[in-house]
1. Which percent, nearest 5, of DSSP beta bridges in region B:1-155 are antiparallel?
2. Mind checking the mean number of beta-carbon atoms from other chains within 10 Å of the Cβ atoms in A:15-26?
3. What translational D, rounded to a whole number of µm²/s, comes out for region A:4-82 from Stokes-Einstein when the hydrodynamic radius is the Kirkwood one over Cα pairs, at 10 °C and 1.306 mPa s?
4. Per residue of A:113-122, count partner chain C-beta atoms within 10 Å of its C-beta, then hand back the mean as an integer.
5. Kirkwood Rh, chain B, all Cα pairs: how many Å?
6. Taking K and R as +1 and D and E as -1, what net charge do the other residues with C-beta under 14 Å from the C-beta of A:ASN90 add up to?
7. Test of understanding: in a Gaussian network model of chain A with alpha carbons linked when under 10 Å, which of A:VAL169, A:VAL45, A:VAL62 would top the mean-square fluctuation ranking?
8. GluC sites (Glu not before Pro) within region A:168-231: which are DSSP loop residues with at most 16 other Cβ atoms inside 10 Å?
Protein chains: 2
Amino acid sequence: MASSSSQALPKLTVYRGFDWPGRYTWSPFVNKLETRLRLAGVPYVAAPGSVRQAPMGKIPYVDLGNGETMGDSTLITRRLVGDGVLPDLNAGLSPAQKAQDLALRALMEDKIYFYGVRERWRDNYVTMRSTVMAAIPYPIQLIIGLLAYNKATGALNGQGTGRLTQDQVAVFQQEAWEALNHLLSEARLNAPARSRDAPFWILGGEQPTEADATLMGFIVSTLVCTAAPEAGKVVRGFPILVDYCRRIHDRYFSDYEKWTE
Amino acid sequence: MASSSSQALPKLTVYRGFDWPGRYTWSPFVNKLETRLRLAGVPYVAAPGSVRQAPMGKIPYVDLGNGETMGDSTLITRRLVGDGVLPDLNAGLSPAQKAQDLALRALMEDKIYFYGVRERWRDNYVTMRSTVMAAIPYPIQLIIGLLAYNKATGALNGQGTGRLTQDQVAVFQQEAWEALNHLLSEARLNAPARSRDAPFWILGGEQPTEADATLMGFIVSTLVCTAAPEAGKVVRGFPILVDYCRRIHDRYFSDYEKWTE
């Protein structure tokens, strides 16, 4: 049952790593990519896939519809924009707004992301392992889990977040989400008059930008992930972050199960 | 010969990792910290130190003057602000400006930084090893160098930059510096009327913010580092970046040897 808009397009498959139909996954990058596609009304099929089959060894990855697979949510987005499947959300921005958008994505994807890896893999390892590796039989799960743990702690040490104390991470994490909350707060205040429940966007414009897909992805993955209770508390402590997420959910993800408030 | 402002303060030592008196080092974070101190006129002693003695296993680190050492340029800055040694450069910013400043630092410190690690350690390994490990005798340098190489490539893989192709990194690196160039271009245009050679600041205000220390650190380390020719070409391709760096150099680092144009 292809819709009229999908008839011309090859069927895109998003491999999400989690076999959770109708639910958000714990991965911010999976949620980011799904948001990016849904903002543009591009249909896709969700499938679990696996990290072992992932082209860059990470999720999400996609099958472009012709058997060609690729990974990395940013590279996938660029490719789909280049192919004319997705609109270039940032085409109408000023150079300064483009710079701000890029910097905000770095704040989330290259900084907040690692606070999440640390809390999930280091502080809540058992929850993390038993959830993301639920498909792997138990004794093997222990071994693969240990490899994943070592990989995560190695990455954290190399990237730098692993060398901080718990208190330092807490301060930095609070500061980063607070910054995003301030921007959203201004954006909501200055949003064009519309329905009270219409989504608003991080740069304050009429239309979403790339940073919005990332922000939705990061907020919602934090709200649903039970292996990151500290990050969940921080995000829930900023009601505008949750409101932003709720409005996008209601308009674009109404078929998905909502997070627990 | 303590100056009047330094008499009340314990003498701060900045361990830079490089035994290069009167010269910028190749480390963006060392240059960032030195910029941060010089912007505030806080005197310090530069010493080589070594990664092995560094509290967090990385440079720069400092001796606060009482024998207490600490690492991480951001944590050091926070501590010195808390101790009243450094002014809080961002105190007068609006919440949205603070958010923008934080995001710009993430773009440099958590994203551009790893493009640098990749080009220096992976693509120009021999230059990098023989320079940063010049103090280590040759046969041992080969072994320690290999460990550093493995550490760098492991970090790059975990952080994500190591999984990209050379072309993808080139595109992302160009995009990131272009964004900074656009912001500086607007800032220079709108800078308060002063001497043509006075420094201007990334957020466009009268005074520098935290992001300026980072930006100066990243530009100048790219300009002086012979192990990162591609990044050097990108930065030199944006004359406003170089002009920004030159003006800060002339006012705050006139005792340091300048980069090759």
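1. 60
2. Mean inter-chain Cβ contacts per residue within 10 Å come to 0.
3. Calculated translational D: 127 µm²/s.
4. On the way: counts 3, 3, 0, 0, 1, 0, 0, 0, 0, 0.
Per-residue shielding by partner chains comes out at 1.
5. By the Kirkwood definition, the hydrodynamic radius is 19.1 Å.
6. Details: positive: A:ARG36, A:ARG78, A:LYS98, A:ARG105; negative: A:ASP88, A:ASP101, A:GLU206, A:GLU210, A:ASP212, B:GLU175, B:GLU178.
Result for the neighbourhood of A:ASN90: -3.
7. Looking only at A:VAL169, A:VAL45, A:VAL62, the biggest GNM fluctuation is shown by A:VAL45.
8. For GluC sites (Glu not before Pro) across region A:168-231 that sit outside H, G, I, E and B with at most 16 neighbouring Cβ atoms in 10 Å, the list reads A:GLU206.
Throughout, read-outs are computed from the coordinates displayed, never taken from laboratory work. Please read all numbers here as calculations on a predicted model, not as lab measurements. Neighbour counts are summed over all protein chains in view; Cβ atoms, including those assigned to glycine, are modelled from backbone coordinates with ideal geometry.
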